[in-house]
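Structure first, then comments.
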Amino acid sequence: ARLHVIAQVESKFIVSAIDGELLVLIDQHAAGERVELERLQRLALQGDTSVVEPVLVPRGGTQVPVTNEELRWAAKHRAYLESWGFRCSLPGGSSAAAQGSG
């Protein structure tokens, strides 16, 4: 498939055509955010901790109601969650406390 740029509209959108058949409108702001998110994901997954910024959460965290299945998933993937800056307290009950890294 080939993308052909037709025009830019109000410095916000790019009007394009794919193979001359499908008209596509691209939100430049959303596209830019997507590129930045993918860059941060790549760095975080490579172990670059500089992309995770500590955030203080009032009163030490937030209680989130979870199902038993979600609690098991969080326990199994705790290292992955922590690589994204989440610190979790996973009690045996039906909620989990989460806070930003600090």
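Looking only at residues that are open to solvent by less than 90 Å² (accessible area, probe 1.4 Å), modelled with pLDDT under 75 and outside any helix (DSSP H, G or I) in the stretch 48-61, which one is nearest to Ser83 (Cα to Cα)?
Val52
If I ask for residues that are exposed (fewer than 12 other Cβ atoms within 10 Å of the Cβ) and outside any helix (DSSP H, G or I), which ones from the stretch 19-47 would you list?
Asp19, Gly20, Glu21, Leu22, Leu23, Leu25, Gln46, Gly47, listed by residue number.
The values are calculated or read from the model by the stated rules, or taken from the named source; none is laboratory data. Values in this document were obtained by computation on a predicted structure and should not be read as measured data. Note: ideal-geometry Cβ built from the backbone for every residue, glycine included; neighbour counts use all protein chains shown. Calculation scope for accessible area: heavy atoms of the full protein, side chains included, ligands and nucleic acids excluded. Shrake-Rupley method; radii C 1.70, N 1.55, O 1.52, S 1.80 Å.
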